[in-house]
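Beneath this line is the structure, given in structure tokens, with notes to follow.
Each value in this text was obtained by applying a stated rule to the coordinates, not by laboratory testing. Predicted, not measured: the structure shown is a model, and the values here were computed from it. So basically every Cβ, Gly included, is an ideal-geometry build from the backbone, and we count neighbours across all protein chains shown.
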């Protein structure tokens with residue numbers, strides 16, 4: 001059974017972050033410069049961040065010497081991109097927002113395809129008949 005990671009989400013209407021842990025939602029009770037923030041980061045291995053500047057999957061990873069560091073992930077098109085965030089003691093909400101802006105924007109979802117004869121075209125693009133007509137004129 002898959003476990004759900006906590007989600008830290010920005011609410012523009014209230015100008016606050018909301019923490020959703022296993023369906024329990026509460027407005028984030030502390031700022032990132034407080035000890036409870038670091039304690040919370042130390043108690044988890046991953047969380048989802050939906051900030052003002054974008055979304056990230058955030059994971060804590062162990063390194064060979066035993067140190068643990070946080071990394072941000074975001075899928076951009078077919079690629080999974082990764083950026084370093086830091087240790088629990090240096091990770092802040094401002095750093096999460098900064099890294100969210102450092103990723104390229106997510107690629108727009110592809111347009112639905114519709115079948116035209118033996119051809120496929122992206123809906124909203126030039127019609128196949130228009131393309132054939134243009135080809136006839138140029139030859």
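Placing dummy labels 7 Å off each Cα toward the beta-carbon, the span from residue 76 to residue 62 is 3.1 nm. What the Cβ-Cβ distance of residue 42 and residue 22 gives, at R0 = 22 Å and to the nearest 0.05, is a FRET efficiency of 0.75. Across the range 7-102, the relative contact order, built from alpha-carbon pairs under 8 Å that are at least six residues apart, equals 21 percent.
Please sort 40-49, 80-89 by packing, taking for each peptide the average over its residues of neighbouring beta carbons within 10 angstrom, highest first.
Working: 40-49: 16.4, 80-89: 13.8.
Those peptides, ordered most packed to least, come out 40-49, 80-89.
Here the spin labels are modelled as points 7 Å beyond Cα on the Cα-Cβ line, and at residue 52 and residue 12 they lie 1.1 nm apart.
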